[in-house]
Each structure stands twice: as C-alpha cells, then as structure tokens.
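Encoded as structure tokens, the structure appears first; notes follow it.
The values are calculated or read from the model by the stated rules, or taken from the named source; none is laboratory data. Being a predicted model, the structure only gives us computed values, none of them experimental. Heads up, the Cβs are rebuilt from the backbone with ideal geometry, glycines too, and the neighbour counts pull from every protein chain shown. Just so you know, the surface numbers come from the protein's heavy atoms only, side chains and all, with ligands and any DNA or RNA stripped out. Shrake-Rupley method; radii C 1.70, N 1.55, O 1.52, S 1.80 Å.
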Amino acid sequence: MDKSLFADHMSTLRARYDRILNECDYDALYIFSGSPKRQFLDDMDYPFKVNPHFKALVPVIDNPHSWVVYRAGQKPQLLFYRPVDFWHYVPPEPNDFWTDEFDIVLIASPDEAKAHLNADKPAFLGETEKLPGWPLGDENPQLLTARLHWERAVKTPYEVACLREANRLAVAGHRAAEAAFHDGASEFEINLAYLGAAGQGENTVPYSNIVALNEHTAILHYTHLSNRRLGGDLLSFLIDAGANCYGYASDITRTYAKNGGEFADIIAAMDEMQLKLCDGLQAGVNYPDLHEQCHLGVADILKRFGVLNCEPQSAVDSGLSGTFLPHGLGHFLGLQVHDVGGHQAGPDGGVIQPPKKFPFLRTTRKVEAGHVFTIEPGLYFIDSLLADLKKGAHTSEVNWARVDAFRPFGGIRIEDNIAVYADGNENMTRDVYRG
C-alpha cells in the first residue's frame with residue numbers, strides 16, 4: 001500500500017477526530033482492539049474480530065489487547081500487544097507503510113496499557129467486558145459515536161484503494177468458484193476453491209461465504225456447505241463471498257445456470273437491470289427511491305417470464321413484488337460488510353426508518369460523494385413466502401405453474417461494489433472482471 005496515501009488518510013481522520021472530540025468536550029479517545037472470547041465449556045476462543053473503530057486507524061485485524069490512545073492535536077499513540085507466548089502467534093514489531101503515523105509502545109501484558117490511560121476527560125470506544133475497573137472515561141458515548149459513524153460513510157482515497165484490492169481478491173475467488181461449479185463440485189468443494197484463489201481463510205474473509213446450489217440459492221444467508229455432489233441434478237449456483245484488505249471488506253454475488261435455458265435468460269435480464277441500477281447510484285439520489293426502481297425492475301422481469309400477470313407498478317404497490325425480493329437493494333460497505341450509519345438521520349444520530357413496504361432496507365440516507373455501496377437486486381422462489389402469497393389476496397395475479405417450474409432453481413442475486421463521486425461512480429467489481 002502507498003505510504004503517502006495512508007498519511008493523507010490519517011491527516012483526514014485526525015482533523016475529523018480533533019473536531020469531534022472538541023465538539024463533544026473530550027480531550028482524549030481510547031480505542032481498544034478487543035479481547036478474545038472463550039467458547040462455552042471449552043478451553044479455546046472464538047475467532048478474534050477486531051473493533052472496527054480500531055482498524056479505522058490501524059490496519060491490523062489480528063492483534064487483541066492493543067489500544068490507540070488519541071489525544072486531540074497530538075500524534076496517536078499505539079499500544080501494540082506483543083506477549084511472550086509459545087502457544088499462539090505473536091505479530092512482529094510493527095514496521096510497515098502505516099507505522100510512521102503512530103508513536104508505538106510495545107506492551108507484553110494487557111495490564112500494561114492502564115498506565116497510558118491518564119487523560120482528564122477521556123472517551124472510550126470498544127467492548128468493556130474484560131476491562132472492569134479500568135479508567136476508561138465515558139464508555140461508547142452516544143453523540144461522539146454517532147458523529148464518527150456519520151463521517152465514516154465518506155471514504156478517503158486510501159479506503160477506496162483498500163476496497164478496490166478487496167474486490168480484486170474476491171473476483172479471483174469468484175472465478176475459481178464458477179469453474180468449480182461447472183466441473184460439478186459440491187458446495188464444500190466450491191468454497192475451498194474460492195478461499196484458495198482469494199488467498200484467504202474462513203476466519204479472514206469478512207463474512208461466512210454463501211455457496212448455494214439449486215434450491216439452496218433461495219435461502220438468503222445459506223452457509224451450510226453440503227459436501228454432496230449433485231451430478232445430473234445440478235441446475236443453479238449462487239455465491240455471495242467477499243475478501244478483506246487491511247480491514248476493508250468486499251461483498252460480491254454472482255448467480256449461474258448449469259445448462260442454459262430460461263433460468264439463464266432470467267439471470268441475464270437481472271444482470272442487465274442490475275447494471276442500470278448501478279448507473280443510477282449517483283450523488284444526490286435518495287437510496288429508497290433506487291430501491292423502488294429495483295422492485296419495479298424485478299416485477300417487470302417476472303411479468304416478462306410469465307410468473308406475474310399484473311402490471312409491475314401494481315405488483316410493487318400491493319407488496320406482491322416483496323415475495324420475490326424480500327431484502328434491500330444494498331448497504332454501505334467499508335470497515336464492516338454492513339457498514340454503520342445507513343439509517344442515520346444526521347451527524348448527531350436519529351434514525352430514518354425504512355418505508356413500511358420495504359422494512360429490510362439497510363440504507364435510507366441520501367447518497368453523497370464518497371459513499372460506497374453494494375447494489376444487489378435479487379429474485380427468489382422461497383417456499384415459505386410463496387405459501388403465504390398463495391393464501392393471500394393476490395394469488396390470482398401469479399401463474400403458479402410458472403412458479404413451480406422455477407422453484408428447483410432457487411433464486412438469483414447479483415451484487416457489485418460501487419464508489420460514488422461528485423461526477424459519477426466507480427463500479428469496482430465490474431472493473432476487476434473487465435481487467
């Protein structure tokens with residue numbers, strides 16, 4: 001990673017943190033990377049997941065018991081945990097593109113950090129479970145957290161560079177997964193192919209990969225990973241999988257048909273619609289409006305392929321389209337897969353609730369330059385939702401024979417990662433596929 005790019009990133013963050021600390025009347029901020037959590041009735045820990053506030057400043061995601069001590073107007077201090085330990089991995093002493101931006105103090109035990117927490121009016125960001133009696137100051141204060149979350153939505157060039165690289169790594173995995181699918185691999189085998197090509201392990205990727213064949217593609221968060229090969233019964237494949245770059249996540253989904261036919265044609269129609277939605281993601285757009293366009297597009301595809309016999313607008317207005325697209329169009333992307341602040345009303349907090357007819361929409365804010373989103377329309381044949389629809393008032397607007405023909409294929413989702421600029425946007429995912 002370019003050293004000057006990170007230096008500019010830190011300059012932006014330090015100006016942001018100085019201002020917010022002053023506005024909230026704090027003179028210091030303590031940010032804890034986190035501590036391992038022991039599994040119930042076991043002697044092993046769950047995989048460690050770093051505090052996102054910590055990795056916003058320090059591009060290290062695998063070191064618990066570390067701290068950033070940030071004092072307004074001063075160079076941040078990093079308390080970097082390096083124990084003497086022959087049981088577990090101990091990270092090397094930091095020496096990388098980012099280290100010049102910190103005064104680094106090595107600590108050999110977690111308790112050594114206490115001596116450095118000596119500000120007059122501090123605030124603390126992180127989990128407190130393992131820190132009883134520590135001099136933390138105000139713990140996760142609501143106003144300060146809201147202001148940090150609001151501004152975190154606008155990405156620096158360094159952050160966008162990390163997201164681009166996360167897309168590059170993920171697309172390598174997606175290409176390997178597609179090849180494994182066409183070779184007849186099981187879900188488990190496809191996932192192994194993805195991880196190998198992306199060069200990341202199950203605890204490194206930003207979320208559990210969704211690798212689904214046939215009817216499993218209609219389970220929105222399917223992570224079971226069957227090891228059974230389907231042979232001649234193999235029909236369809238959906239993979240929703242990302243990668244991690246210095247703590248920043250990509251989140252990409254693709255859907256494939258095994259042998260062409262009508263399901264492949266629907267996938268092509270969804271892909272065309274998804275690209276139009278990506279083009280529509282511009283600064284100043286109200287994200288829920290784009291979500292409604294997505295529902296109109298899905299309803300139009302369902303009508304064209306004979307599943308619905310009503311007009312698309314009628315299907316959206318009645319909620320009928322929600323049976324086939326029950327999730328939101330997308331979400332903020334960054335340090336977390338579902339990055340914070342999507343429903344935030346302003347820098348001081350508050351919530352903009354999703355429209356009643358779109359309750360699962362994760363983003364209700366107006367799109368701004370610097371935001372990064374996923375755009376992920378879907379179309380699914382989900383048994384439980386279809387059963388409710390069949391008993392409801394709009395059952396006559398559905399061609400149930402066509403529904404039954406498509407059920408074995410499960411569903412479709414296509415997802416790209418988009419950075420928004422004042423004069424347009426950048427589809428980081430498609431750029432990698434074209435490269």
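Say we look at the stretch 95-109 and pick out the residues that are assigned to a loop (DSSP other than H, G, I, E, B) and of a type outside the set (Ser, Thr, Tyr); which of these is farthest from His343 (Cα to Cα)? Lay out the reasoning, then the answer.
First, pick out the residues of the stretch 95-109 that are assigned to a loop (DSSP other than H, G, I, E, B): 95-98, 102, 108-109.
The next check asks that each one be of a type outside the set (Ser, Thr, Tyr); those that pass are 95-98, 102, 108.
Numbers: Asn95: 38, Asp96: 36, Phe97: 34, Trp98: 32, Phe102: 33, Ala108: 41 Å.
My answer is Ala108.
Please work out which one of (1) open to solvent by less than 70 Å² (accessible area, probe 1.4 Å); (2) at pLDDT 95 or above is the condition Asp45 fails and give its number.
(2)
Just one of the numbered conditions (1) open to solvent by less than 50 Å² (accessible area, probe 1.4 Å); (2) over 20 Å from Gly126 (Cβ atoms) is not true of Asn63; which one?
(2)
Of Asp279, Asp240, which residue is out of contact with any Gly (no Cβ under 7 Å at 6 or more places or on another chain), in a helix (DSSP H, G or I) and of a type in the set (D, E, K, R)?
Numbers: Asp240 fails: in a helix (DSSP H, G or I).
One residue alone meets the criteria, Asp279.
Across the stretch 110-139, what is the total count of residues that are outside any strand (DSSP E or B), free of Cβ contacts under 8 Å to residues at least 40 places away in the same chain and either open to solvent by less than 80 Å² (accessible area, probe 1.4 Å) or not polar (S, T, N, Q) (or both)?
Of the residues in that region, 9 qualify.
Can you tell me which residues in the stretch 259-278 are open to solvent by 50 Å² or more (accessible area, probe 1.4 Å) and of a type in the set (D, E, K, R)?
Glu262, Asp265, Glu272, Lys276
Between Gly196, Gly173, Gly201, which is closer than 23 Å to Tyr256 by Cα and surrounded by fewer than 21 Cβ atoms within 10 Å (Cβ to Cβ)?
Gly196
Looking at the structure I just gave you, is Ser33 open to solvent by less than 20 Å² (accessible area, probe 1.4 Å), under 25 Å from Ala119 (Cα atoms) and within 23 Å of the chain's Cα centre (by Cα)? Before you say what the answer is, go through the steps one by one.
Values: open to solvent by less than 20 Å² (accessible area, probe 1.4 Å): yes; under 25 Å from Ala119 (Cα atoms): yes; within 23 Å of the chain's Cα centre (by Cα): yes.
Answer is yes for this residue.
I'd like to verify a number: residues in the stretch 302-331 that are closer than 17 Å to Thr253 by Cβ and outside any loop (DSSP other than H, G, I, E, B), how many? Lay out the reasoning, then the answer.
Taking the stretch 302-331 as the starting set, the residues that turn out to be closer than 17 Å to Thr253 by Cβ are 324-331.
Then drop every residue that is not outside any loop (DSSP other than H, G, I, E, B), which leaves 324.
Of the residues in that region, 1 qualify.
Name the pairs: first residue in the stretch 303-326 and under 18 Å from Leu220 (Cα atoms), second residue open to solvent by 30 Å² or more (accessible area, probe 1.4 Å), Cβ to Cβ under 6 Å, at least 6 apart or on different chains?
From the stretch 303-326, the pairs are Thr323/Leu385.
Considering only residues that are more than 20 Å from Leu385 (Cα to Cα) and buried (at least 19 other Cβ atoms within 10 Å of the Cβ), look in the stretch 204-219 and name the one that is nearest to the chain's Cα centre (by Cα). Lay out the reasoning, then the answer.
As a first pass, look at the stretch 204-219 and keep what is more than 20 Å from Leu385 (Cα to Cα): 204-211.
From what is left, the residues that are buried (at least 19 other Cβ atoms within 10 Å of the Cβ) are 205-206, 209-211.
Details: Val205: 11, Pro206: 7, Asn209: 12, Ile210: 13, Val211: 16 Å.
Residue satisfying both the conditions and the ranking: Pro206.
Cβ-Cβ below 7 Å, separation at least six or inter-chain, first residue in the stretch 207-234 and in a loop (DSSP other than H, G, I, E, B), second of a type in the set (A, V, I, L, M, F, W, C) and open to solvent by 40 Å² or more (accessible area, probe 1.4 Å): which pairs?
Close Cβ pairs satisfying both conditions: Leu225/Phe188; Ser226/Phe188; Asn227/Phe188.
How many residues are touching a Lys or Arg at 6+ places or on another chain (Cβ under 9 Å) and among the hydrophobic types (A, V, I, L, M, F, W, C) when one looks only at the stretch 5-20?
Residues that pass the stated criteria total 1.
Collect the residues in the stretch 127-184 that are of a type in the set (Lys, Arg) and either modelled with pLDDT under 95 or under 19 Å from Leu13 (Cβ atoms) (or both), keeping them in residue-number order.
Filtering the stretch 127-184 for residues of a type in the set (Lys, Arg) gives 130, 147, 152, 155, 164, 168, 175.
Result: Lys130, Arg147, Arg152, Lys155.
Say whether the condition of being open to solvent by less than 70 Å² (accessible area, probe 1.4 Å) and of a type in the set (Val, Ile, Thr) is met by at least one residue in the stretch 71-86.
Scanning the stretch 71-86 turns up no residue that is open to solvent by less than 70 Å² (accessible area, probe 1.4 Å) and of a type in the set (Val, Ile, Thr).
Looking only at residues in the stretch 140-158 that are farther than 15 Å from Val340 by Cα and not polar (S, T, N, Q), which one is most open to solvent (accessible area, probe 1.4 Å)?
Step one: filter the stretch 140-158 for residues farther than 15 Å from Val340 by Cα, giving 141, 156-158.
Going one step further and asking which of them are not polar (S, T, N, Q), we end up with 141, 157-158.
Details: Pro141: 18, Pro157: 93, Tyr158: 5 Å².
Residue satisfying both the conditions and the ranking: Pro157.
For Phe188, indicate whether it is assigned to a helix (DSSP H, G or I), closer than 20 Å to Lys258 by Cα, touching a residue at least 12 places away in the same chain (Cβ under 8 Å) and open to solvent by less than 30 Å² (accessible area, probe 1.4 Å).
Numbers: assigned to a helix (DSSP H, G or I): yes; closer than 20 Å to Lys258 by Cα: yes; touching a residue at least 12 places away in the same chain (Cβ under 8 Å): yes; open to solvent by less than 30 Å² (accessible area, probe 1.4 Å): no.
No, not satisfied.
Scan the stretch 220-258 residue by residue and report those that are open to solvent by 60 Å² or more (accessible area, probe 1.4 Å) and more than 18 Å from the chain's Cα centre (by Cα).
The answer is His224, Asn227, Arg228, Arg229, Gly232, Asp233.
Can you tell me which residue among Ala345, Ala283 is at pLDDT below 95 and open to solvent by 20 Å² or more (accessible area, probe 1.4 Å)?
The unique qualifying residue is Ala345.
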